[in-house]
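Report on the structure given below.
The values are calculated or read from the model by the stated rules, or taken from the named source; none is laboratory data. The model shown is predicted, which means the values in this text are computed figures rather than measured ones. Glycine also receives a Cβ, built like all others from the backbone with ideal geometry; neighbour counts cover every protein chain displayed. Just so you know, the surface numbers come from the protein's heavy atoms only, side chains and all, with ligands and any DNA or RNA stripped out. Shrake-Rupley method; radii C 1.70, N 1.55, O 1.52, S 1.80 Å.
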Amino acid sequence: MSEKATLTIEGKNYDLEITIGSENEKCIDIQQLRDATGYITMDHGFGNTGSCYSAITYVDGDKGILRYRGYPIEEIAEKATFVETAYLVLYGELPKASQLKAFSARLKEHAPLHTNLEHHFSGFPTSAPPMAILSAMLNLVSCFHPEVLDVPTTGAEFDRTASLLLSKVRTIAAFAYRMAGGRPINHPNPNLTYCGNFLHMMFSDPYQEYEVSPVIDKALNLFLVLHADHEQNCSTSTVRVVGSSRANLFSSVAAGVCALWGPLHGGANAAVIEMLEDIKKSGRLPAYYIEKAKDKNDPFKLMGFGHRVYKNFDPRSLILKKQVHDVLEALHLDDDLLDIALQLEQATLQDDYFIKRNLYPNVDFYSGILLRAIGIPLNMYTVMFAIGRMPGWIANWKELHDHKLRISRPRQIYTGHTARSFIPMAQR
Ligand code: CMC
């Protein structure tokens, strides 16, 4: 007999189903609660609400565990490329050599943009934020590929559409950067790897082909691998909510880009660097900023700290911290922002406010320093996060459809005026 939770409301008992996930995560199913009792549940920010059953990514925030399709992030980060990881996240299994070859070939095939689509880039002001361009252009891609508007979630059509999106997001990102700076665009080169091709499109110049160093190629792969999915975060939930109305994959992920943009989510990677630059310029000790972050009358927060789910450490942050040291050493670079970041982290580890609230560096704290070492400009940091998160968004959109989920439509508790009569203009 399955276990039940009993809820007592107004003297009456109601049995609610309990379901348990493959990692022993427990939930009380309240789907029938309103019909049975007239009550709904309230959970601001959905901090304690499961919106779906999912087999893609597992996070245990207390133990600092992150796994894609069962594989620990530490192993994937060490052994897999981003393309291999994207395949795993999308299809559920690591690719065999022949599957990886076919997947890579599809990514290469879909890298170029339609020429008419390229013209749209010149319509943006040079000051346009690349995240705005990315979201707009992702929506626009579907106009040039009307066949993608009605995509089945399995078979060759899905394979084609998912590859098209994974590949074009990288081309759009690089073109946005080139156009914003008034630089000529670089078309994709099919002889390069996924990351190598991106770096070429970003940094090659007419008289100087960008040479992809193995250190930078590896660092970029790692950055993207670590961002590939993170279960029901704000942008992925957005993709699911939009997709639940049966909106197409392209408009769903374009909405995901917008959600990611905010400084509490993906925008934090750029905000961390801005904060570290401010600290450097001010000449003040990190302690000053820690006190500022603790002051409830000051809106300042320590960017790159805290997480809704991780209450111990964010495993991605540990991997990134080590990678930053390795890359700076391999490239013979020195970054004084890293010294400031290390001092900040050290100080928070001894501070009661941060200890009591379990606030540790998250994925965004060290990732910006890595992107600086790779040579990515600050206004592209969150775009880089979006390229990395694309496999997760597509996989979640697919799963939503595979599970034939209902349209997302939360309830509310109304707290406004009760019914009143309309007041004519002259009497207001
Ligand atoms: N600096 C100072 N205080 C903080 C911080 C911070 N970075 N983060 C949380 N707190 C405090 C917060 O004020 C609250 O204090 P109190 O209990 O006294 O009211 C307590 O810690 C709990 O925080 P919360 O805001 O209720 O937590 P949340 O789960 O709603 O928000 C968060 C999570 C990540 C939005 C938040 O920690 C934050 O704003 N961090 C800074 C922005 C950031 O780094 N975002 C990247 C998130 S990870 C990757 C991603 O999603 O992109």
Can you sort His119, His307 by 1.4 Å-probe accessible area, starting with the largest?
His119, His307
For Ser98, solvent-accessible area (1.4 Å; no DNA, RNA or ligand), Å²:
80 Å²
With r defined as the distance between the Cβ atoms of Tyr39 and Glu75 and R0 fixed at 41 Å, what FRET efficiency is calculated, to the nearest 0.05?
0.40
Using the heavy atoms of the protein chains and a 1.4 angstrom probe, tell me the accessible area per residue for the chain in square angstrom.
52 Å²
Packing-ranked peptide list from 415-421, 323-329, 16-22, highest mean Cβ count within 10 angstrom first, is 323-329, 16-22, 415-421
Rounded to 0.05, the calculated FRET efficiency for the beta carbons of Lys101 and Ser245 at R₀ = 45 Å is 0.80
Multiply the residue gap between Tyr353 and Asp278 by 0.36 nm, knock off their C-alpha separation, and tell me the result in nm, one decimal place.
24.8 nm
Hey, if you put +1 on the Cβ of every Lys and Arg and -1 on every Asp and Glu Cβ in the chain, which of Met42, Phe354, Thr154 ends up farthest toward the positive end of that dipole?
Met42
Taking all protein chains together and a probe of 1.4 Å, list Cys195, Cys52, Cys234 from the most accessible to the least accessible.
Cys234, Cys52, Cys195
With a 1.4 Å probe and every protein chain left in place, tell me how much accessible area Thr8 has, in Å² to the nearest 10.
90 Å²
Using only the Cα atoms of the chain, what semi-axes does the equivalent ellipsoid have when each is the square root of 5 times a gyration tensor eigenvalue? Give whole Å, largest first.
36, 29, 24
Sort Lys322, Lys101 by heavy-atom solvent-accessible area, probe 1.4 angstrom, most to least.
Lys101, Lys322
Accessible area of the chain with a 1.4 Å probe: how many percent of it is carbon plus sulfur?
53 percent
Taking only DSSP H segments of four or more residues, each worth -39500 (n - 2.57), what value at 222 nm results for the chain once the sum is divided by all its residues, to the nearest 500 deg cm²/dmol?
-16000 deg cm²/dmol
If I ignore ligands, DNA and RNA and count only protein heavy atoms, how much of Ile423 is accessible to a 1.4 Å probe, in Å² to the nearest 10?
80 Å²
If every Lys and Arg gets +1 and every Asp and Glu gets -1 at its Cβ, then about the Cα centre the chain yields a dipole, in debye to the nearest 20, of 1160 debye
Under 14 Å from the Cβ of Leu134, count the other residues' Cβ atoms, weight Lys and Arg +1, Asp and Glu -1, and hand me the total.
+4
Name the most mobile residue of Arg316, Arg411, Arg178, meaning the one with the largest mean-square fluctuation, in a Gaussian network model of the chain with Cα contacts below 10 Å.
Arg411
